[in-house]
Amino acid sequence: MTQEELRPSGNPRAPEKLPLDFSAFHQMYRPLYVREAERCLRCRADAEEAVDEAFVQLARQWPRILRAENPAAYAWRVMKNRVIDHARARGRRATLMDTAVFETVTLQGAEDAFEVIEQNLRLFRAISALPERQRDVIRLRYCEGCSTADVAFQLGITEAGVRSTERHAKRRLREIYASCAEEEGERS
C-alpha cells in the first residue's frame, strides 16, 4: 500500500500528506492486523488486501477516529468488519480460528503428534465457542503474545477488564474442553 492510496481524501493526486500519527499507527498495527486477517481468510494476499481496505477507510475517517474514546479499538473493529466483508465478497466465510492450533511447538517434540492434534482440536472448538470479546482476548494474549496492557489498548477496555475477561474465558474453556473430552470418551 502506497502513501497515495492512503490519502484521507481518497484522491491519490491530492497534495495533502497523511498525518504522522496515522502513519505511525499504520506502521505499528498493520503487521498484527495482517496476521489476524490471514488467520481468518487463510490467504496472505486476501488478508493484505482486506487490511489495506481497512486502512484506507481509517485514513478517510482519521480526524473523527482520533476523537473516539479509543481509536485503536475502533480500528480493530473496522479491520474485523473488512475481513468479514472480504470473505463474503468471495463467497467464503471468515474463520474465527484456523490451523493456528496446529502451529505449535508441542508438535515438534511430541511422542504422539496425533494426541497433540486431538487436544488442539478440542481447544480450537472450545475457543471458537467463546463470546467474541473472550476470543479476542485469548487470541491476542496467547496467539499473538500481546501483554495485558497491549490487549487493553487494542480492544478499548481496561487492563482489569482484560484480566477479568481472560479469567472468565479460561474458566469457560476448561468447562467446554472437559465437556468435549467427555463426549469423545463416550463415543470411544
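The values are calculated or read from the model by the stated rules, or taken from the named source; none is laboratory data. Since we're looking at a predicted model, the values are computed, not measured. Glycine also receives a Cβ, built like all others from the backbone with ideal geometry; neighbour counts cover every protein chain displayed.
Quick look at the values:
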item: For K17: the one exception among (1) among the charged types (D, E, K, R); (2) surrounded by 15 or more Cβ atoms within 10 Å (Cβ to Cβ); (3) in a loop (DSSP other than H, G, I, E, B); result: (2)
item: Members of the range 20-72 found to be within 13 Å of the chain's Cα centre (by Cα) and either free of Cβ contacts under 8 Å to residues at least 24 places away in the same chain or over 18 Å from C146 (Cβ atoms) (or both), listed by number; result: P31, V34, E38, L41, R42, A47, A50
item: Test: residue in the range 75-85 that is at pLDDT 85 or above, in the same structural domain as L32 (by TED's automatic domain parsing), basic (K, R) and surrounded by 18 or more Cβ atoms within 10 Å (Cβ to Cβ); result: yes
item: Residue check for Q134: in contact (Cβ under 8 Å) with a residue 60 or more places away in the chain and assigned to a helix (DSSP H, G or I); result: no
item: Single unsatisfied condition, F124 versus (1) at pLDDT below 70; (2) buried (at least 17 other Cβ atoms within 10 Å of the Cβ); (3) out of contact with any Phe, Trp or Tyr (no Cβ under 7 Å at 6 or more places or on another chain); result: (1)
item: Residue check, V151 part of a helix (DSSP H, G or I), crowded, with 17+ Cβ neighbours inside 10 Å, of a type in the set (A, V, I, L, M) and modelled with pLDDT of 90 or more; result: yes
